[in-house]
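Data block below; observations after.
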Amino acid sequence: MTHQVHIIGGGLAGSEAAWQLAQRGIRVRLSEMRGGGGETPAHQTDGLAELVCSNSFRSDDDTKNAVGLLHHEMRRLDSIIMAAGEKARVPAGSAMAVDRDVFSEEVQRALEAHPNIEIVREKVDELPAEGLTIVATGPLTAASLAQSIVKATGEDRLAFFDAIAPIVYRDSIDMSKAWIQSRWNKTTSASNEDGDYINCPMTKEQYETFVQGLLDAEKGDFKEWEADTPYFDGCMPIEVMAERGLETLRYGPMKGVGLDNPHDRTEEHPQGRWPYAVVQLRQDNKLGTLWNMVGFQTKMKYGAQVELFRTIPGLENAEFARLGGMHRNTFINSPELLDRQLRLKSAPHIRFAGQVTGCEGYVESSAVGLLAGMMAAAELAGEAWTPPPATTAMGALLSHITGDAEASHFQPMNVNFGLFPTLDHVPKKQRKEAYTDRAKADFGEWLAGLETVPA
């Protein structure tokens, strides 16, 4: 079968992209290295769409949860991942969990039976020089292909320990204790004259107690296949820095010099005194709803992070869009390298999809694969592509990946309401329902206007 689109990677994103294209009458070559001489240290089988970690697709509540809303939108677009998930579903309360073997078998059976899909067990070592291609190789991209991607992008963002800092919802920060200011008042934000950072001050006693908490906190273990992968010095876990001495953090990411705390004014310091130590948060998205904790990448377990980070003045009631972590990951700096249709700017015949684009999670990866398939189908049909509105779960995720995230410190992200345009006029307790109501209405309108739909 002569293919029209070549998909590299038979995980969730690649499988979803293949299905979306095939359902629109487009011939697909789906290359998967497992079963063809290639393997990864995490996969156990050569089955398509194998789940390598949890068996959960997380919340299935589409009335007040961003992940559940993403489920809803994918179902409306004939998602093979969601359909197979229903057939493989196991009890999990309001969450969607699946029998991982049944799930993989269902996806593979459907793809193998489709007349427009050719599954080839082969290892692809280099990006194709021509022809529409979707790269969906996930967080464990083979070294040879990873090097080809590095060569094409010029961005060495591959095969290292990805040290992720926690992200906090802006409206959960107590600004009666924190304040906005850049160090030495050197702001780069044209829209914010006060500064680029939210600052949470600490006294000497608070700082020393915090450092001890870092040392005592329960840490996660590296998987065997991660153990020998080095991380960059610039992404050192905060607890590792703390182990180097009590003052290390105070002369690193927690230094208080050049920051005038307006909540601690004296006659000698009418603008505010410098704090003994400070935790800084930097805006993480263009909407200003998400702020990341600068330098706070960590291997602490999630419960320990929440408990310790809520001892920081101003973050006592912090709500986290993402907690910190460290794991081997392969992803590109998508906001800088990809256009709004997931195409590589330097080689627009190539699209990227799934976790390699910097989305986190099974469902998010599948959703980006679904969109990549739809985009390629529209391109082949000569149709203008209109993305789903940013008010929808799919649209918000796509916007974040392809330009709304800050490229200078882009990190993998799950879908969450912090990616959506704000509804500040709605009472906080009612916003989740308001987000989903707006999203469903806008998604339905967008769906009605699509030109290329599944056969």
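The values are calculated or read from the model by the stated rules, or taken from the named source; none is laboratory data. Remember, it's a predicted structure, so these values are computed and weren't measured experimentally. Here Cβ is always computed from backbone atoms with ideal geometry, including for glycine, and neighbour counts include all displayed protein chains. Quick note on the areas: whole protein, heavy atoms, side chains included, nothing else; ligands and nucleic acids left out. Shrake-Rupley method; radii C 1.70, N 1.55, O 1.52, S 1.80 Å.
For the reader, a short list of remarks on this structure follows.
- Across the range 101-119, not a single residue is classified as among the aliphatic types (A, V, I, L, M) and within 21 Å of the chain's Cα centre (by Cα).
- The residues in the range 423-443 that are hydrophobic (A, V, I, L, M, F, W, C) and either open to solvent by 20 Å² or more (accessible area, probe 1.4 Å) or not in a helix (DSSP H, G or I) (or both) can be counted, and the count is 4.
- Test: H269 is part of a loop (DSSP other than H, G, I, E, B), in contact with a Lys or Arg (Cβ under 8 Å, 6 or more places away or on another chain) and open to solvent by 20 Å² or more (accessible area, probe 1.4 Å): no
- Those helices (runs of 4 or more DSSP H) of the range 273-389 in which at least 2 residues are open to solvent by less than 10 Å² (accessible area, probe 1.4 Å), considering only elements entirely within it, cover 302-309, 362-380.
- Residue list for the range 135-152, filter: more than 12 Å from D125 (Cβ to Cβ) and at pLDDT below 80: P139, L140
- Looking across the range 175-230 at every residue that is assigned to a loop (DSSP other than H, G, I, E, B) and β-branched (V, I, T), the one that is modelled with the highest pLDDT is identified as T203.
- Residue count, the range 399-455 (criterion: aliphatic (A, V, I, L, M), within 20 Å of A372 (Cα to Cα) and more than 23 Å from the chain's Cα centre (by Cα)): 5
- Residue list for the range 390-418, restricted to those being open to solvent by less than 10 Å² (accessible area, probe 1.4 Å), free of Cβ contacts under 8 Å to residues at least 60 places away in the same chain and part of a loop (DSSP other than H, G, I, E, B): none
- Residue, most open to solvent (accessible area, probe 1.4 Å), within the range 12-57, restricted to residues that are part of a loop (DSSP other than H, G, I, E, B), of a type in the set (G, A, S) and modelled with pLDDT under 95: G37
- Residue match in the range 77-85 (condition: surrounded by fewer than 21 Cβ atoms within 10 Å (Cβ to Cβ), part of a helix (DSSP H, G or I) and of a type in the set (A, V, I, L, M)): yes
- Listed by first and then second residue, the pairs linking a residue in the range 329-340 that is farther than 12 Å from V135 by Cα and at pLDDT below 90 to a residue that is open to solvent by less than 20 Å² (accessible area, probe 1.4 Å) and among the β-branched types (V, I, T), with Cβ atoms under 7 Å apart and 6 or more places separating them unless they lie on different chains, are T330/T141; T330/V356.
- Test for Y276: is it at negative phi and at pLDDT below 95: no
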